[in-house]
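Have a look at the structure below before the remarks.
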Amino acid sequence: MTTVVGQLKSAFRIEAVATVDKGVQVTWKDGHESFYHNLWLRDTCHCPECFQRDTLSLNSGEGGGHDPLKMPLNPISETVKVDRSGNLDIIWGGEEPGHHSLFDPSWLRVHCQKDPALKQRRPPQLWDWSVSIPHFDYHEVMKDDWALLHWLEKMLELGVVIIDKVPKNKEGFQALVERVGPIQQRYHPTNIFTLDTANQLAGNIHHAYQYMERLHNHTDHVSYNVPPRLQFLGCIEYDNPDNDKQAYSTLVDGFKIAEVLRTQQPKSFELLTQEYVPTGRRRLGVEEKISDRTKKYQWETYHRQHVINLDKNGEVYQIRHHENDRVPLDVSHDKIQDLYAAYQAFTALAESPEYKTEFLIAPGQVLVNDNWRLLHGRTAIRNPGLRRILLGAYMKPETFSSRRRLLLGKKSGLSDMWLMGCSDRALEIMADRMTA
Ligand SMILES: [Fe+2]
């Protein structure tokens, strides 16, 4: 795609440039002013001598133009102007006379340290029992990149979507997951797992397969160093002779209940962000059937974790909560009662009717949920004659984020050279750089 400067919003078009002490001052058509230090500009030079266009990385090898040890700490510009295509055009003087750098204006704008838009984050929309889960059509997301991007944006906004009209077989389910990216490798010999009520042996492997009881809301794989980000659960079959709400899925927004706790019981909130509630799993010699043969696998994990995990701005970015996978508390005697009370408060919120939603994943539907945010569970299956088959798979955080970043970049229309190395926020802003 070739972009004409006139198609860009004013924030991405340079009005004027001026050389100032140690750098370049850029005035944009939307009135914003940016300052770029000469060393920063010289260091990010994208000319073929400094930056390899094929590998999309700095050319700092033997004879390369971007040897950090040879980089002048005080680069001096000879001429600074805006070229016909709207790029910032610099010819360097000083120790590197004639060295020529061109900077795409959109890329330059999203690297302005003074632009408040870059510091903003799209806040998640917190929800309670009244949530309306967005639905997407399988065929739409499979063929249309923008439908796929819309789905991935909903994963960040609400943490959940349902995909309808998915073929009721493993191939269709796998194709849907792989539309986003590779399925996460599990400890098990299979990466797509089957939850089948007819499989009586499965209850020995994990309590999630003990269908007679309600499965409380939880996040999965809490004892992994990095728990999977997305969880896919697709229904192949559901036949309930009682025609009631058995084997219904339950979901709760972990970010929402964390904020409720922060407001109502700040001390408890603080304890769950600072004290450890470790988790672990140990499975030795478990057998799993793979087509016509049976394979044994072993699995031993432990993680010294917080239930509520905060980023450097004090925002919740991850919930780890699984009642059954807890191992002995790692807490001092003077704090154990308060910590346990805090854990009880969070666990009660996770099951509170005020915050949880309950629904059936119908045959042909796939539920996708953000396992770093949402807690999921299931109502009990009391009737042994009920038959349900679910397929499940996980996705790593970077696989999800990679697909989203690729789609945002595609939407921006910029070349690979300028897209690589941009922050998620920068890509979000550039995806919206064109006038309608
Ligand atoms: Fe689970």
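The table below lists the values:
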quantity	calculated
Percent of alpha-carbon pairs separated by more than 37 Å within the chain	40
Which listed pairs, of K70/K312; K168/K289; K143/K170, have C-alpha distances above 25 Å, in listed order	K70/K312
Principal-axis tilt of helix 336-351 within the chain, Cα atoms, nearest 10 degrees	90
Proximal charge balance of L390 [Cβ under 12 Å; K/R count +1, D/E count -1]	+3
Positive-pole candidate from Q52, C112, L233, dipole of the chain, charges at beta carbon	L233
Cα gyration tensor shape of the range 288-433, rounded if a/c is under 1.5, else prolate or oblate by comparing a/b with b/c	oblate
By average C-beta atoms within 10 angstrom, highest first, the peptides 237-248, 388-399, 40-51	388-399, 40-51, 237-248
Cα long-axis angle, helix 145-157 against the chain (0 to 90 degrees, to the nearest 10)	70
Mean Cβ count within 10 Å, highest first, over the residues of peptides 155-164, 419-428	155-164, 419-428
For the range 135-395, projected area of the alpha-carbon convex hull averaged over all directions, nm²	14.7
Highest to lowest packing among 213-220, 191-198, scored as the average C-beta count within 10 Å	213-220, 191-198
Normalised contact order of the range 135-395, rounded percent, pairs of Cα under 8 Å and 6 or more residues apart	38
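None of the figures in this text is laboratory data; all of them are computed from the coordinates on show. Since we're looking at a predicted model, the values are computed, not measured. Counting neighbours? That spans all protein chains shown, and the Cβs are built from the backbone with ideal geometry, glycine included.
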